Amino acid sequence: MKKMFVSAMCAALCTALIFVSCGDSDKDDSNPENSDFPANLAEWTGDNEYTSPVELPSLSNQSENLEDLWWKKSAFYHIWIKSFKDSDVDDCSKNCGDFKGIEDSFEYIQNDLGCDAIWLSPFWDCLYKGSTNEASAVLNMHGYDVNDFYKVNPYFGTGDGSNAEAELDSLIAACHARGMKIIFDFVPNHTSSNNKWFTDSASSQNGKRDWYLWNDKALDWKNTWGANAWHSKNGSYYYAAFADTQPDLNYRNYEVREEMKNVVRYWLNKGFDGLRIDAVRYLVETADSLTDTDETHAWFAELRKVIDEYESPKFMVCEAWIENDRTSLNKYFGTSDAPEFNMVLDFDQGKPIVVGSSIGSAYIYYDNGNLAFTMNSTIYENPSALQSYGTFLGNHDEYIDRLGDWEGEGTSGKSILATALSLLRPTVPFIYYGNEISQKSGSQSGDFRLRQPFDWDMVTSQKSASDSVLNVNKALLSLRRNSEYADLFENGTVKLCNSHTYTSDTNELCTNLFGYTIENGSKKILVLANVSPYYKSNIWFYSDSIPSEYSLIVGNKDTSSDITYYTDDAGYGAIEVSNFCPYEIRVYDLSSSEKSCVLDVWDYALETMYLRGTMNGWLDTSKMIYSTATNEFSITIYLKADTEYEFKFDEFGDWAHSFGPVSAEAASITLGTELSCSDAPGLNTNFSFTPLAAGDYTFGFNKDTLKIKVTQ
């Protein structure tokens, strides 16, 4: 479901974009623009004796010995089938990913990454597959325009695709044989315009007329793109919330409700362990609202009863794309008398992590507020022992660009930070394929750029790199499964501990550092994060919790990572930690002093240095060369005679972390003489040097002693 801001441009482009839309956009305006409502839809219809003509398969491929609430303990891997892996050619850019390719990748998903459940994108036969060209089909096929809910898309089978459903059965069985779980993507709001139900409805055949929303005139209702949502067909008009190729089903019709329950039972009987439900906000429209109606909630309460029929516990998670409105989001959990979803996907918790950690300035701001506050205010724990939030850093929609677009591919420190922040919270993680390796988006247009072929070469290179984003995912997913911490991540509560955060480097409020605790019973961890690209020698976090013992379980264990506690005159506690690396995440077990560090990919060392000054126009292009033998950075630049040059050393080429003289009095340097830099980098004064003769001069910077020298 794609969220779009309604605008004149969107409306103008609507028709052109229909054939590339995923059909799962969100709407910003939930109210119809007039009170007209189709008269024949005012009441619930159907004879209440409907039986689906599609016979349910016998139970097969069911998971064995699943615990209740197993989904709270899981980590889900979200696979876009067509782009993941083609078992025929091992290159989805040439053909189409298939079920066999996924089955062949279980070792990677389970052991190299650490996920124990997978979510498959829609796999049914669908309307829009592009042209007859295979590559075009891969580009354009999205699957949210279902032709037949009981027929598997032949593109996802090997060979001619005739065995696609059998290969899906094999995939489910192989998944369960490894103790993994699998859920499918259910699209209940609409079908494709090629679906037999709709063609019968349009021609008033086989009792299907009222299976869709029809009216004798086009009402003034807007679709998710801001264009009119009513479309002409055979002298009448039908309603489509997303595109004219995706007409909405009429859930006021009893037969529709029962048929869609049958679809769910059909695939659960085949072995799926649950389902993610697309675009849940739009099922039942009223004269007052097109979204989130009481009638919509009532049907999901009915569907929950179907889910709870199974002896092997099933679950359902919804995509209610709602941001900054926890009340409306949480309503999809239902009530104790009428429960709905076991889990809701949380669109508030991912975006601040990625957008915030990518900015990298001395003071980081996001959405009219500082990043630290925004990030802290969007850390929500699972709401109850029976309910969960599903959190993620991106998906197949235009919620946010891929992780690699923001944070850089491969082993970027920012990608590692964002990954860690997403996993170190008491929610259920969903990892979209490619984000675990910080892959960038493709060159396709629209949201298809987020569904590009998976980079298996990048996987190979990251497997052997201990500091790769892939291995950070693996380590932290393993930590979440550890019996010492599993219940903490399932049922822990979050408490912020940095309403005031100071650093000795500037002695000012630092908005790019924050911390929080996760606690459950006697178990408690402290999570601290440096979301800046700067080294921090000492950081203080106000906290009312001062444990008697602790262990560093994530972070740079080779530096002083001890916690020092203070209590001020008013009795408030403060935590001091030392030697924070750029983008470092640090986790302390506050319940024990015996735990070992499970993840350390940070190095407290200056890795880059730039010489900036009047000799190069204060540009950041003069990157210095580092020598491991001398622990020095150096660069040689041609200078004119009798010209005073001002300069400083800048670690990241961004001005805010530059090294200048200890004082203004020590700013002038002579040839061959060492001077000291300040150990508190910032926007300090400049050194000056005046060569007596023109020629090449070498500027040296020792990262250990912070001494500088100019030689010839």
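The range 218-300 holds strands (runs of 3 or more DSSP E) entirely within its bounds, and those carrying 3 or more residues that are open to solvent by 20 Å² or more (accessible area, probe 1.4 Å) map to 230-233. Restricting the range 236-262 to residues that are among the aliphatic types (A, V, I, L, M) and over 29 Å from the mean Cα position of the chain (by Cα), the residue that is nearest to Glu302 (Cα to Cα) is Met260. For residues that are without any contact (Cβ under 8 Å) to a residue 40 or more places away in the chain and outside any strand (DSSP E or B), scanning just the range 621-651, find the one that is surrounded by the most Cβ atoms within 10 Å (Cβ to Cβ). Across the range 621-651, the extreme among qualifying residues is Ser622.
Of all the criteria given as (1) part of a loop (DSSP other than H, G, I, E, B); (2) at negative phi; (3) open to solvent by 10 Å² or more (accessible area, probe 1.4 Å), the one not satisfied by Gly672 is (2).
Within the range 162-206, the residues that satisfy the criterion of being farther than 28 Å from Lys85 by Cα and without any contact (Cβ under 8 Å) to a residue 12 or more places away in the chain are Thr199, Asp200, Ser204, Gln205, Asn206.
Residues satisfying the criterion are absent from the range 652-659 (criterion: outside any loop (DSSP other than H, G, I, E, B), open to solvent by 50 Å² or more (accessible area, probe 1.4 Å) and either hydrophobic (A, V, I, L, M, F, W, C) or out of contact with any Pro (no Cβ under 7 Å at 6 or more places or on another chain) (or both)).
Go through the residues of the range 633-640 one by one and say whether even a single one is within 26 Å of Asn530 (Cα to Cα) and either in contact with a Leu (Cβ under 6 Å, 6 or more places away or on another chain) or modelled with pLDDT under 90 (or both). Looking through the range 633-640, none of the residues is within 26 Å of Asn530 (Cα to Cα) and either in contact with a Leu (Cβ under 6 Å, 6 or more places away or on another chain) or modelled with pLDDT under 90 (or both).
Among the listed residues Ile183, Ile172, identify the single one that is part of a strand (DSSP E or B) and modelled with pLDDT of 95 or more.
Ile183
In the range 339-383, the qualifying residues are those that are open to solvent by 40 Å² or more (accessible area, probe 1.4 Å) and modelled with pLDDT of 80 or more, and the one that is nearest to Ala418 (Cα to Cα) is Lys351.
Checked against the criteria, Ala664 counts as over 15 Å from Lys709 (Cβ atoms) and free of Cβ contacts under 8 Å to residues at least 60 places away in the same chain. Taking residues in the range 323-338 that are on the phi < 0 side of the Ramachandran plot, and partners anywhere that are in a helix (DSSP H, G or I), the pairs with Cβ atoms closer than 7 Å and at least 6 places apart or on different chains are Lys331/His297; Tyr332/Val280; Ala338/Ala301. Taken together, the criteria place Ile118 among residues that are β-branched (Val, Ile, Thr), part of a strand (DSSP E or B) and at pLDDT 95 or above. Whether any residue in the range 590-602 is at pLDDT 90 or above, open to solvent by less than 10 Å² (accessible area, probe 1.4 Å) and in a loop (DSSP other than H, G, I, E, B) is what I want to check. Looking for residues that are at pLDDT 90 or above, open to solvent by less than 10 Å² (accessible area, probe 1.4 Å) and in a loop (DSSP other than H, G, I, E, B), one finds none in the range 590-602, hence no. Of the residues in the range 393-414, at least one is within 25 Å of Ala475 (Cα to Cα), open to solvent by 10 Å² or more (accessible area, probe 1.4 Å), touching a Phe, Trp or Tyr at 6+ places or on another chain (Cβ under 9 Å) and assigned to a helix (DSSP H, G or I). Of the residues making up the range 559-589, those that are modelled with pLDDT of 75 or more and open to solvent by 10 Å² or more (accessible area, probe 1.4 Å) are Asp562, Ile563, Thr564, Tyr565, Glu576, Ser578, Asn579, Pro582, Tyr583. The residue that is most open to solvent (accessible area, probe 1.4 Å), among those in the range 135-160 that are at pLDDT below 90 and farther than 12 Å from Gly97 by Cβ, is Asp160.
Scanning the range 663-703 for residues that are at pLDDT below 85 and in contact with a Leu (Cβ under 9 Å, 6 or more places away or on another chain) returns Ala666, Ser678, Asp679, Lys703. Filtering the range 309-339 to residues that are part of a loop (DSSP other than H, G, I, E, B), closer than 24 Å to Lys73 by Cβ and in contact with a Leu (Cβ under 8 Å, 6 or more places away or on another chain) leaves Tyr310, Ser312, Pro313, Lys314, Glu319, Ala320. Screening Ser192 with (1) open to solvent by less than 10 Å² (accessible area, probe 1.4 Å); (2) at positive phi gives one miss only, at (2).
Matching residues to (1) open to solvent by less than 10 Å² (accessible area, probe 1.4 Å); (2) modelled with pLDDT of 95 or more; (3) over 21 Å from Met141 (Cα atoms); (4) not in a loop (DSSP other than H, G, I, E, B):
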{"position": "Ala418", "(1), (2), (3), (4)": "yes, no, yes, yes"}
{"position": "Leu421", "(1), (2), (3), (4)": "yes, no, yes, yes"}
{"position": "Pro426", "(1), (2), (3), (4)": "yes, yes, yes, no"}
{"position": "Ile431", "(1), (2), (3), (4)": "no, yes, yes, yes"}
{"position": "Lys440", "(1), (2), (3), (4)": "no, no, no, no"}
{"position": "Asp447", "(1), (2), (3), (4)": "yes, no, no, yes"}
{"position": "Leu450", "(1), (2), (3), (4)": "yes, no, no, yes"}
{"position": "Pro453", "(1), (2), (3), (4)": "no, no, no, no"}
{"position": "Ala465", "(1), (2), (3), (4)": "no, no, yes, no"}
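Being more than 26 Å from Ser578 (Cβ to Cβ) and touching a helix residue (DSSP H, G or I) at 6+ places or on another chain (Cβ under 6 Å) is a condition met by no residue of the range 654-671.
The values are calculated or read from the model by the stated rules, or taken from the named source; none is laboratory data. All figures in this text were calculated on a predicted structure; none of them were measured in a lab. A quick note on method: Cβ atoms are made from the backbone with ideal geometry, for glycine too, and the neighbour counts reach across all protein chains shown. All accessible areas refer to the heavy atoms of the entire protein, side chains included, with ligands and DNA or RNA removed. Shrake-Rupley method; radii C 1.70, N 1.55, O 1.52, S 1.80 Å.
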